[in-house]
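Asks: My structure is below; once you've seen it, I'll send some questions.
The values are calculated or read from the model by the stated rules, or taken from the named source; none is laboratory data. Quantities reported herein were computed from a predicted structural model and do not represent experimental measurements. Every residue, glycine as well, gets a Cβ built from its backbone with ideal geometry; the counts of neighbours run over all protein chains shown. Side chains are part of the model used for accessible areas, which takes the heavy atoms of the whole protein and leaves out ligands, DNA and RNA. Shrake-Rupley method; radii C 1.70, N 1.55, O 1.52, S 1.80 Å.
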Number of protein chains: 2
Amino acid sequence: MTYPIALCSYARDHWLPAGEGAQLVSAIDGSTVALMPDAADSAAMLQHAREVGGPALRAMTFQERGKMLRALADALTARKEELYALSALTGATRSDSAFDIEGGIGTLFVYSSKAKSLPDARVMLDGGREAISKGDFIGQHILAPLRGLAIHINAYNFPVWGMLEKLAPTLLAGMPAIIKPATVGAYLTEAAFRIMVECGALPAGAVQLLLGSAGDLLDQLDGQDSVAFTGSAATANQLKARPNIVGQTVRFSAEQDSLNAAILGPDISPDAPEFDLYVREVAREMTQKAGQKCTAIRRALVPASLIDQVQDALVTRLGKIGAGDPRIDGTRLGALAGLAQREDVIANLSTLRGEAELVTGGVIPELGGDLDKGAFFAATLLRCNDPGTARAVHAVEAFGPVATLMPYDDADEAIALANAGEGSLALSIFSHDAAEICALVGGVSSFHGRIMIVDRDNAEFATGHGAALPHLQHGGPGRAGGGAELGGVIGMMPYLQRSAIQASDRILAAIGGM
Amino acid sequence: MTYPIALCSYARDHWLPAGEGAQLVSAIDGSTVALMPDAADSAAMLQHAREVGGPALRAMTFQERGKMLRALADALTARKEELYALSALTGATRSDSAFDIEGGIGTLFVYSSKAKSLPDARVMLDGGREAISKGDFIGQHILAPLRGLAIHINAYNFPVWGMLEKLAPTLLAGMPAIIKPATVGAYLTEAAFRIMVECGALPAGAVQLLLGSAGDLLDQLDGQDSVAFTGSAATANQLKARPNIVGQTVRFSAEQDSLNAAILGPDISPDAPEFDLYVREVAREMTQKAGQKCTAIRRALVPASLIDQVQDALVTRLGKIGAGDPRIDGTRLGALAGLAQREDVIANLSTLRGEAELVTGGVIPELGGDLDKGAFFAATLLRCNDPGTARAVHAVEAFGPVATLMPYDDADEAIALANAGEGSLALSIFSHDAAEICALVGGVSSFHGRIMIVDRDNAEFATGHGAALPHLQHGGPGRAGGGAELGGVIGMMPYLQRSAIQASDRILAAIGGM
C-alpha cells in the first residue's frame, strides 16, 4: 500500500474521483495516511438507492439476502489482512483490530445464519394469527421493508464493525444503505466497503459510500427512510430535532453517550473468585480499544468495604498493561484515534476530577512512539467517594482509557448509582447469589439495554462486558439514545414496517408466500 | 344529572376543587354541559406517579394487572348508561356512542384476556434463548416496565375509547398514567375515569386526570417516561421537537393525521358482490362518528371505468343517511364535536375543492336541530379526476363526513395513489382475486399500519375499515405519526424496556420468575 491513499466516495455504482482534500493522519505518528475526496451529490445517491437499490433488494427473499451477507463475510475474511494493516494506523493493537474487524465479519456471519430461519419470502409473519371474528376473517401482523433507504452515520471508533453492525440488519431487511463513516479512520471503512463491492455479491444500488460532509442529506428524507446514528448525544439531538426529520416522521435510531457501570455484588468477599474476575474485566474494558468503546465500563461500583482492595488490585493490574505504540512488542493499550480525540479525553478528565480524585494515569505514557504525534494516553483510574451527590461522573463520558471507582453501601444504593447514568448500553454484575442478582436486575433493568451477569461458573464462557453481540440488542434508553440495534430481528425493526392484515385464510396464505 | 357539571382533575388520589372555568357546550344545541377546573399542579402529579403509582403497579405481576383491567371493564359496563347519556351531548348517535364506549370497554376486556397468556411474574421473556457461547452463558431478552410514568394526550373524537386504548396497555405493562383529555368532550372522559377510580380496582397513584392546560408537564419528563399523543401532526411535531423531549430521549409515540384509502379492486365488475360491499363501507366510514375517526376512509380509489357507477351508488346511499340531531329518530349522521370543529371541516373542504369537485353535501343539513348552535354537517363526497397530480386530496384531512372519490387505471397507479398519502393508519382492499390482492399489498404495506381485505366470502365477519381492534396494531408510518398502539404486546412496547440478559441458566431461571 502506498500512502497517502486517495479515498473515493461510491455513488450510483461507481467510484467518484479520488480525494485530494483533507489529510487523515496516523494515530501513532501523525504521518498522512489518506486524503478525503470532494463532497458527493447526495440527491443523486438518494435517487439511486430509491429507484435501483430498493427494488433490487425487495425482489430478493429474506433467505436470499442472508446468503448475500454470507458472501460479504467470506469476501472480507479472505482479504482481512488488508484491513489489519490499515487498522494499526488508527492506533489499534492487533487484539483491538480483531475486535473491530472479526467482530464486524462475525456480525455478518450471525445475521446470515439467522436468515436461515426467516422466510424464503419477501414478507415476514410477525406473531401468530389473531382471532378477530367468529368466521374466516383473521388478523395477522406482517413485516416488510420500508420503500426508502437507510442512512448510516457511523462513529470513528469502529471503522469496520460500526459499518457492518448496521449494514447486516439493513440489507437483510431489504433496504439499501448510504453509509457515512466518521472522517477519522475513514480509510479503513473505505477499504472494507471496497472489498464488499468488489466481491460482486451486492445488487446495483444496494450500498453507497458518502465520505465527507453529508450536506443537506437529512433534509431530503421522508417517512419511508430510516437514519441510524452512532455518536455523541449533542450531535444526535441536533439531528433528531431537524424540522424535516420531525415533520416527515423520518425514523431515527440513535446510539449515543453511555456511562456503563459494572457492579461488584454485595455478596462478594475479597477471596471470592468473582473479585478477581471483576478486576480483570474492569481493567480490560478500560484498555481494550484504548477505552474507545461506547460499551466500555466507565463506572466501577463496589461495596464500600472493598473499595480500597479493588483499587489496589486495579492499580496493580493496570500497571502491567503497557501503553504506547501498538507496533512495539508488549503494547496492550494502543493510541486514541487522534490528537483531537486525546484533547477531548483530557478535557473531560479535567471535569471528572472536579468530583473524583486521580488514582493512576491521567498522563501521556512514556512507552515508545512519538508522544507529540501519537495519540497515546495512559490507563486512568479515578475514585469518587461521594457518588450519590456527584453529577459529572454519571454524565461525562471521557472516551478513552478512563473509569471511575465508586463505593456503595447496599443494593439499593448500587441500583440508584447505576441508574444515575440515566440510561446506558451495558451493565455487568459480578455476583454468585441469585437473590442478590435478581434484586439488582429488578432495580436496574429498565435503564440498561444489556446486562451481563458473571460468576465463577460461567466466567470462562463470558463474552465480555463491552462486546455487543449480533444475537442481542445493542442500545439503551435515555442518555444512550433509545435505539435498539442487532439482536436478530430486533435490529431489523428500524428497516421494517409492521402492518396488521385482516383477511380470509386463503388471502393470508397467499400473502405469507409473497 | 344536573348541568353544567363542574369537572375536576384527579391528582394524588384526590379530586381537586371543581371547575368554574371555561364552559363546555353541547355539540347539538350549544347548551352548557360542563365547566373546566383550574390548572392542576403537574409537578406534584408527576412525583406521585413516580413514587406511589409506579412502585405499586410494578409490585403486581402481568396476570394480576390483567385482572385489574377486567375489574375496570366490569365497572364501566355496569354504569355505561351514564356514559351514553353524556355521549349524546358530544353529537354522537347511539351507534356512534357504542363505538366509543363499548369499543373502549372491549379493549380493556381483550387486554385482560391477553394477560392470561403473559407471565405471572414482573418480568416478561422476549423471544427465545440465544446461544452466545459454548457453555452455560446464555442470552435472553426480557421486558420490564419503565420506572417513570406515561403521559396520555388524547384527541376529542373518542372521549372514552381514546382514554382506554392507551390505558389498557400502559397499566398492563406496569406504568402509571397521567391522562390529559382533549377539552372538547372532557366531561365524558371525566365520567368514565370517575367510574374506574370509584370501583377501587386501581392501586394508589396508578392513574391521574389532568384537565385543562398541561403547562410545562413535558419539560419535566425524562428517559424513563413515555408520552402517547393522538391529535394533529402540527401539534405532534411541536411537542416531539421540544428540547426536553429530545434531550432526555423521552419516548414519544404519535398517532396523527391519516388520509386512509379504500381500494376497489381492479378485478371487480359492477355486478360483483364486492362492488356493493365497497359502496356500503365507504358510506359507513364517511358517516360513522360523523367522520371524526382518524381511521375513516378519506380517499376512495376505484377503477376509472367504474367511477361513475360508484359515484351514483354512493350518492344514492348517502342520500338515505339522515343527518342532524342524534336525538331525532332516523338520524344516522350526528353532529361534529363542536362549532369550531365544523369551521375546520369547512375550511379544509374549501382547500380540497381546489382539486376536487363537489358531488354531494358540503352544506349544513336541514334535518332537525338548531342549525346555528348544533355542529351538523352533511355527508360530503368529492371527486378528483386527476389524483396523480393532486396534492391536497392526499394531505388535507377534513375531519368530518368527507371523502374524495378518485379513479385509477391499473394496480400500479392504485398503489401510487394509496402511498401518496405518505403513511396512513388503515387501508382496505375490496377484491376477490388473490393475485391482485398480493400485488396491491406488496406495493402498499410499508405505508399502511393496518390493511383490511374484504370479499364476498368474509364480508359478514369483517370488523370494518375504521375499527381499531385491540388485537391488532393501531398506528402507521410517516404522516400517521409512526406510532404503534394496541396489538397486544406491541401496544405495551412504549411502556416496556427490553434488556438483553447474559447469564447462566440458573440465573436466567431466577430472573424469569421475578
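Asks: Output the number of residues of segment B:28-57 satisfying the condition of being modelled with pLDDT under 95 and touching a Ser or Thr at 6+ places or on another chain (Cβ under 6 Å).
Replies: Within segment B:28-57, residues that are modelled with pLDDT under 95 and touching a Ser or Thr at 6+ places or on another chain (Cβ under 6 Å) number 2.
Asks: Being of a type in the set (F, W, Y) and in contact (Cβ under 8 Å) with a residue 24 or more places away in the chain is the requirement here; does B:Y84 meet it?
Replies: No: the conditions fail for B:Y84.
Asks: Here are some residues: A:V227, A:V207, A:V246, A:V250. Which one is among the β-branched types (V, I, T), touching an Asp or Glu at 6+ places or on another chain (Cβ under 8 Å) and open to solvent by less than 50 Å² (accessible area, probe 1.4 Å)?
Replies: Testing whether each residue is among the β-branched types (V, I, T), touching an Asp or Glu at 6+ places or on another chain (Cβ under 8 Å) and open to solvent by less than 50 Å² (accessible area, probe 1.4 Å) leaves just A:V250.
Asks: Would you confirm, using the coordinates I've provided, whether A:E102 is modelled with pLDDT of 95 or more, open to solvent by 10 Å² or more (accessible area, probe 1.4 Å) and part of a helix (DSSP H, G or I)?
Replies: Yes; evaluated as a whole, the condition is true for this residue.
Asks: Only one residue in A:T93, A:T107, A:T61 is more than 14 Å from chain B (Cβ to nearest Cβ) and over 30 Å from B:T463 (Cα atoms), so which one is that? Quick ask: steps written out before the conclusion?
Replies: Details: A:T107 fails: more than 14 Å from chain B (Cβ to nearest Cβ); A:T61 fails: more than 14 Å from chain B (Cβ to nearest Cβ).
Criteria check complete, one pass: A:T93.
Asks: Pick from A:T287, A:T249, A:T230, A:T295: which is in contact with a strand residue (DSSP E or B) (Cβ under 7 Å, 6 or more places away or on another chain), within 13 Å of chain B (Cβ to nearest Cβ) and farther than 30 Å from B:S232 by Cα?
Replies: Details: A:T287 fails: within 13 Å of chain B (Cβ to nearest Cβ); A:T249 fails: farther than 30 Å from B:S232 by Cα; A:T230 fails: within 13 Å of chain B (Cβ to nearest Cβ).
Step by step, each of A:T287, A:T249, A:T230, A:T295 is checked, and only A:T295 is in contact with a strand residue (DSSP E or B) (Cβ under 7 Å, 6 or more places away or on another chain), within 13 Å of chain B (Cβ to nearest Cβ) and farther than 30 Å from B:S232 by Cα.
Asks: While we're on this one: Mind telling me which of the residues A:L164, A:L149, A:L171 ends up being among the aliphatic types (A, V, I, L, M), crowded, with 24+ Cβ neighbours inside 10 Å and closer than 21 Å to A:S97 by Cα? Can you show your working first?
Replies: Numbers: A:L149 fails: closer than 21 Å to A:S97 by Cα; A:L171 fails: closer than 21 Å to A:S97 by Cα.
The conditions single out A:L164.
Asks: If only one of A:A71, A:A59 is under 24 Å from the mean Cα position of the chain (by Cα), within 13 Å of A:P203 (Cα to Cα), open to solvent by 10 Å² or more (accessible area, probe 1.4 Å) and hydrophobic (A, V, I, L, M, F, W, C), which one is it?
Replies: Criteria check complete, one pass: A:A71.
Asks: Do we have any residue at all in segment A:3-19 that's modelled with pLDDT of 95 or more, out of contact with any helix residue (DSSP H, G or I) (no Cβ under 8 Å at 6 or more places or on another chain), open to solvent by 50 Å² or more (accessible area, probe 1.4 Å) and under 22 Å from A:Q224 (Cα atoms)?
Replies: No, there is no match, as no residue in segment A:3-19 is modelled with pLDDT of 95 or more, out of contact with any helix residue (DSSP H, G or I) (no Cβ under 8 Å at 6 or more places or on another chain), open to solvent by 50 Å² or more (accessible area, probe 1.4 Å) and under 22 Å from A:Q224 (Cα atoms).
Asks: Same structure, new question: Looking at (1) farther than 22 Å from A:E413 by Cβ; (2) open to solvent by less than 10 Å² (accessible area, probe 1.4 Å), which one does A:G361 not meet, given that it meets all the others?
Replies: (2)
Asks: If I go through segment A:448-502 residue by residue, how many of them are part of a loop (DSSP other than H, G, I, E, B), closer than 23 Å to A:G400 by Cα and within 7 Å of chain B (Cβ to nearest Cβ)?
Replies: Residues that pass the stated criteria total 4.
Asks: Do we have A:E436 as of a type outside the set (A, V, I, L, M, F, W, C), assigned to a helix (DSSP H, G or I), more than 14 Å from chain B (Cβ to nearest Cβ) and buried (at least 18 other Cβ atoms within 10 Å of the Cβ) here?
Replies: Criteria not met by A:E436.
Asks: Among the residues of segment B:126-157, how many are on the phi < 0 side of the Ramachandran plot and more than 7 Å from every other protein chain (Cβ to nearest Cβ)?
Replies: So the first thing to find is which residues in segment B:126-157 are on the phi < 0 side of the Ramachandran plot, and the list is B:126, B:128-157.
Applying the additional criterion that residues be more than 7 Å from every other protein chain (Cβ to nearest Cβ) yields B:126, B:128-129, B:131, B:138, B:140, B:143, B:148-157.
Here the count works out to 17.
Table: residues versus (1) under 17 Å from the mean Cα position of the chain (by Cα); (2) in a loop (DSSP other than H, G, I, E, B).
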position	(1), (2)
A:R122	no, yes
A:R129	no, no
A:K134	no, yes
A:A144	no, no
A:G162	yes, no
A:K166	yes, no
A:T183	yes, yes
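Asks: So A:D29 ticks every box in (1) open to solvent by 10 Å² or more (accessible area, probe 1.4 Å); (2) over 30 Å from A:T331 (Cβ atoms); (3) of a type outside the set (A, V, I, L, M) but one. Which box is left unticked?
Replies: (2)
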